[in-house]
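Below you'll find the structure, written out as C-alpha cells, and then a few comments.
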Amino acid sequence: FYWVRTSLILGTSQAEITWQIPLDVVPGTYRIKHSGYYRYILGGVYPYTGYTNHFEVNHYFAIQMYILHHENNIMTNSQNKLDRIPII
C-alpha cells in the first residue's frame, strides 16, 4: 500500500496497492478492494471504499510478474511499478 497527498489545499490524495502474485495463484478474474476512512474538511470522519477494474490472472502472468519483480529488486533494489494496481 502506497499513499501520497496530491493536494494539501483540496485535501486529496492517491493510493496504490501492490499485490505480489504468488506462483500458486488460482487463475481467474480478480479485482482489489480497499476500504478506509477520510476526514472531511468541515469536520467528521467517513468511510470510503475503492475498487480496481477487473483483471485476469493466470499462471503465465504470475510467473512473468514474479520474474519482473525479482529482476527489478536485484538490479535496482526497488519495487516494480508494473505490478501496481491503482485505486479508481
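Take segment 19-32 and flag every residue that is of a type in the set (A, V, I, L, M, F, W, C) and surrounded by 13 or more Cβ atoms within 10 Å (Cβ to Cβ). Please lay out each step first, then the result.
So the first thing to find is which residues in segment 19-32 are of a type in the set (A, V, I, L, M, F, W, C), and the list is 19, 21, 23, 25-26, 32.
Result: Trp19, Ile21, Val25, Ile32.
Which residue, of Ile17, Ile21, Ile32, is in contact with a helix residue (DSSP H, G or I) (Cβ under 6 Å, 6 or more places away or on another chain) and of a type in the set (Val, Ile, Thr)? Let's see the steps before the verdict.
Values: Ile17 fails: in contact with a helix residue (DSSP H, G or I) (Cβ under 6 Å, 6 or more places away or on another chain); Ile32 fails: in contact with a helix residue (DSSP H, G or I) (Cβ under 6 Å, 6 or more places away or on another chain).
The conditions single out Ile21.
Here's a check for you: in segment 3-18, which residue that is surrounded by 12 or more Cβ atoms within 10 Å (Cβ to Cβ) and of a type in the set (Ser, Thr, Tyr) is nearest to Tyr40 (Cα to Cα)?
Ser13
Is it true that Gln79 is at pLDDT below 80, in a loop (DSSP other than H, G, I, E, B) and in contact with a strand residue (DSSP E or B) (Cβ under 8 Å, 6 or more places away or on another chain)?
On the way: at pLDDT below 80: yes; in a loop (DSSP other than H, G, I, E, B): yes; in contact with a strand residue (DSSP E or B) (Cβ under 8 Å, 6 or more places away or on another chain): yes.
The answer is yes for Gln79.
The values are calculated or read from the model by the stated rules, or taken from the named source; none is laboratory data. Being a predicted model, the structure only gives us computed values, none of them experimental. As a convention, Cβ positions derive from the backbone with ideal geometry for all residues, glycine included, and neighbour counts pool all protein chains shown.
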